[in-house]
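Visitor: First the structure, which I've put down as structure tokens, then a few questions once you've had a look.
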Amino acid sequence: TKGCIKGHKLSAMEMEDVRDYGSAINHRTRTYELLNGENRCVPASQQLMKCAYLHALCGDYDKSAVTLSDAIRRIFKGVKSLDVMPADRLDLLIQCYQMRAICYAKSRKLKDALEQYNDLLPLLEKKGGKGSKQYNSALIHKSALLVNMGNHRLAAGLMNKYMQLAELYGEKSDGDNRRASLGRQSTGSGVSSLRSSIRSSIRSSTDGDSTDFIVDDSDHILALDTCAATHLKLGNVDKAISMFEKKLEFVKSHPGNDEMKSDTLHKLGCLLAYKQQHTSALPLLTEALSTSKVLYDGRHKSVFDATWAVAATNQTLGDTEKALKDYSILLEKMSKMDEMPDRAIGIQNSAGKLFLEDGKVDKAVQTFRQALRGAETSGNPALKAEITLNLANALSARGEADKAMQYYDSLLKTRGLKKTKMFFLTLYNKSYLLVKTGEIEEGKEILLKVAETRSAMANDVRGNIYLTLGNLSVSDGNINEALEYYEKSLDVIEEDDVSAHAQAKKNIGMAYLAANQYDEAISTLEGVLEDLSETGVEGKSMNILKAEIWNCLARVYKTKGDQSQAKNFAKLALQTYKTELGETHPITLRNISNLQLLLLLEAEDLPKSEAKPIIDAAKYELEETLNVFVALNDPWTYRLDVASLKTNLALVSVWQGKPKKARKLLRQINEIELPPDHSLVHRIEVLEERLEELEKRKSK
């Protein structure tokens, strides 16, 4: 018999070496039968456990669990209770419970797995105490299981026990002084019984082999991940951030974990971005991306996610150029892939929003349509609704009002969206389009209806609605009503939303300008600049916001007749846009044009000899700016910019006494479709009058 047992064991090992697990299981099963026939409990049970392990290697966790149940019954054979179970059998029982818990979890029998951990933990506590490595490892795995089951509060409670133990162990490991300090703490001063029992476990567990005390690195990392997950599910983002910071510190102290390091950097960066700490998030996300590029090829999920996170953070920080570059890389890679990555729809949606914000309307429409095609088969109605709204907004920006309105109406008719945030956001955007297309009363009626609703779902758009109503009141010449709407907007905007507060106060300043109250306008706008400086917030988006206010001050001083001050503020704004956006960005180009217009106005009051060099220089800048806009190859998006530049150049030609050139430019201007109420229409009328006067003088 001994020879047979030995032969089957050797054969099993040989089969395991060549990964013929089926044959190995047969040899292990025969070995078990022979050992069991001789009533050798421990070695027989060990063979069943090895069979269970081999079944698990084959992915058959159900069979593995059944085999472990057989082993547990064999271990209990002849034993009336756990109290009288021999130590060698108890060790095997603990191993069987641990293995069976894992098998149940792998086969998604989560309740069975939880019951197994509930049976296992008392045994481990009895064997080594609550400070033992085995006990805490099982505690961590039970907590992770509870997270998967959705029981986050119970998981959080268990993890608190482990984290307190880990913290105390860390203090103990700091040296003799720290250990002495712990020893002096009184247990009668309000310290919980839990902490007292943990200290007892520490003392008992560390009296012998210290390596038996705390869990392995992989279990500690699982504990940190589980803690972070429970904090996130319970809404405590700050504590989740703290857990990931601890995990990052731990991973960095253990070289060779670049994959885990990259993942931790990414998650921590995303959480900081969620907390609006984008400046702190960006270097973490950038490092995560760099590490992912080294570890994986460019089509790996981690590279896609990391690139997307960096692009979105750059976008939020106002670094449009970098964000556009990252999104373009992602879209190009996706276009060459047979199967789209899981994040494809979200990436396309985010990229489309950036294209729209940057004035690349055609590209935005194209990208949103690609995203919508994916969303229609995604089974995610909320995402589909969001993309549909974004596509409608892009079509509205492109002047396709009818198509945009169809999308708005389809969203408003969707039963599942009634009275949701998406419903009110759609109403707001629809009203904006109605106002833009001249249906002002209908648009205003919708705005007032949303403003008056008591639903909290409308809160996200209420501030913008009041701003829009204020703008309409300014257009009607009702400044007092406009100011009331702007104040209401300030009341509903979140206190920490610096940008929204600045925009509302900027509108107040411009309302004072419309009422010719120049000093009030200047005081309000200067107050905005002071507020922005006091926030201590820096970065690209903040600088661009300041540039907007400087532009407003330039307009106020221009209207007031102080061309010198207007020119100074216009130069401040222009320099900022050049620095933050680049020389050829559409916003920069518009500001170049605006500054040249101020110079032309200044030159009109000068003697011809002094005016000529100013006008010649302005003409050169205007022509260069026009050429750049034309080179952007998007005539519809930049039609107003082109019309404005050609109007100014035509006025220069009139001043220079060149009616033919001015008339040619005017014909080109008249071919451009302009909104009837646009301020440019009046300037074109002035141009026509001056050109006719020049032509009459020339004909005499």
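Visitor: Go through region 326-355 and give me each residue that's open to solvent by 50 Å² or more (accessible area, probe 1.4 Å) and either at pLDDT 90 or above or charged (D, E, K, R) (or both).
Guide: Hits for region 326-355 are E332, K333, K336, D338, E339, D342, R343, K353.
Visitor: Does region 32-47 hold any residues that are assigned to a helix (DSSP H, G or I) and more than 57 Å from the chain's Cα centre (by Cα), and which are they?
Guide: Once the filter is applied, which keeps residues that are assigned to a helix (DSSP H, G or I) and more than 57 Å from the chain's Cα centre (by Cα), region 32-47 yields E33, L34, L35, N36, G37, C41.
Visitor: Another question, then. Hey, can you tell me all the residues within region 382-400 that are surrounded by 16 or more Cβ atoms within 10 Å (Cβ to Cβ) and hydrophobic (A, V, I, L, M, F, W, C)?
Guide: Correct list: L383, A385, I387, L389, L391, A392, A394, L395, A397.
Visitor: Starting from residues that are in contact (Cβ under 8 Å) with a residue 40 or more places away in the chain, under 30 Å from T313 (Cβ atoms) and part of a helix (DSSP H, G or I), keep the ones in region 510-541 and report whichever is least open to solvent (accessible area, probe 1.4 Å).
Guide: Of everything passing the filter in region 510-541, K540 is least open to solvent (accessible area, probe 1.4 Å).
Visitor: Collect the residues in region 114-138 that are open to solvent by less than 20 Å² (accessible area, probe 1.4 Å) and either assigned to a loop (DSSP other than H, G, I, E, B) or in contact with a Leu (Cβ under 6 Å, 6 or more places away or on another chain) (or both), keeping them in residue-number order.
Guide: Within region 114-138, G129, G131, S132, A138 qualify.
Visitor: Out of everything in region 1-31 that is hydroxyl-bearing (S, T, Y) and part of a helix (DSSP H, G or I), what residue ends up being least open to solvent (accessible area, probe 1.4 Å)?
Guide: Looking at residues that are hydroxyl-bearing (S, T, Y) and part of a helix (DSSP H, G or I), I get T31.
Visitor: Just for region 77-113: of the residues that are among the small types (G, A, S) and either over 39 Å from the mean Cα position of the chain (by Cα) or over 20 Å from Q46 (Cα atoms) (or both), which one is surrounded by the most Cβ atoms within 10 Å (Cβ to Cβ)?
Guide: If we take residues in region 77-113 being among the small types (G, A, S) and either over 39 Å from the mean Cα position of the chain (by Cα) or over 20 Å from Q46 (Cα atoms) (or both), then A113 is surrounded by the most Cβ atoms within 10 Å (Cβ to Cβ).
Visitor: How many residues does region 472-492 contain that are open to solvent by 70 Å² or more (accessible area, probe 1.4 Å), in a helix (DSSP H, G or I) and closer than 20 Å to D677 by Cα?
Guide: Result for region 472-492: 1.
Visitor: Of everything in region 614-638, what is in a helix (DSSP H, G or I), open to solvent by less than 50 Å² (accessible area, probe 1.4 Å) and either touching a residue at least 24 places away in the same chain (Cβ under 8 Å) or basic (K, R) (or both)? Give them in sequence order.
Guide: Result: I615, A618, K619, L622, T625, V628, F629.
Visitor: Here's something else I'd like to know. If we keep just the residues of region 411-438 that are under 28 Å from the mean Cα position of the chain (by Cα) and among the polar types (S, T, N, Q), which is least open to solvent (accessible area, probe 1.4 Å)?
Guide: T426
Visitor: If the Cβ limit is 7 Å and pairs must be 6+ apart or interchain, which residue in region 263-281 that is more than 19 Å from E538 (Cα to Cα) pairs with which residue that is open to solvent by 50 Å² or more (accessible area, probe 1.4 Å) and in a helix (DSSP H, G or I)?
Guide: From residues that are more than 19 Å from E538 (Cα to Cα), the pairs are L265/E287; L268/E245.
Visitor: Further, regarding this structure: Looking only at residues that are of a type in the set (G, A, S) and either in contact with a Cys (Cβ under 8 Å, 6 or more places away or on another chain) or in a helix (DSSP H, G or I) (or both) in region 143-172, which one is farthest from L222 (Cα to Cα)?
Guide: Checking each candidate, the answer is G170.
Visitor: Could you tell me how many of the residues in region 32-74 are surrounded by fewer than 16 Cβ atoms within 10 Å (Cβ to Cβ), among the hydrophobic types (A, V, I, L, M, F, W, C) and in contact (Cβ under 8 Å) with a residue 12 or more places away in the chain?
Guide: Final tally of qualifying residues: 3.
Visitor: Please verify whether L651 is open to solvent by less than 30 Å² (accessible area, probe 1.4 Å) and either at pLDDT below 95 or assigned to a helix (DSSP H, G or I) (or both), treating the condition exactly as stated.
Guide: Taking the combined requirement at face value, the residue does not satisfy it.
Visitor: Okay, moving on. Being on the phi < 0 side of the Ramachandran plot, surrounded by fewer than 16 Cβ atoms within 10 Å (Cβ to Cβ) and either polar (S, T, N, Q) or in a helix (DSSP H, G or I) (or both) is the filter here, so list the residues in region 250-279 that pass it.
Guide: Across region 250-279, the qualifying residues are K252, S253, D258, E259, Y274, Q277, T279.
Visitor: Hey, could you check region 359-381 for residues that are without any contact (Cβ under 8 Å) to a residue 60 or more places away in the chain and closer than 20 Å to P586 by Cα and say which is surrounded by the most Cβ atoms within 10 Å (Cβ to Cβ)?
Guide: The extreme case among them is A364.
The values are calculated or read from the model by the stated rules, or taken from the named source; none is laboratory data. Nothing here was measured: the structure is a model prediction, and the numbers come from that model. Every residue, glycine among them, receives a Cβ derived from its backbone with ideal geometry; neighbour counts consider all protein chains shown. SASA here: full protein model, heavy atoms, side chains in, ligands and nucleic acids out. Shrake-Rupley method; radii C 1.70, N 1.55, O 1.52, S 1.80 Å.
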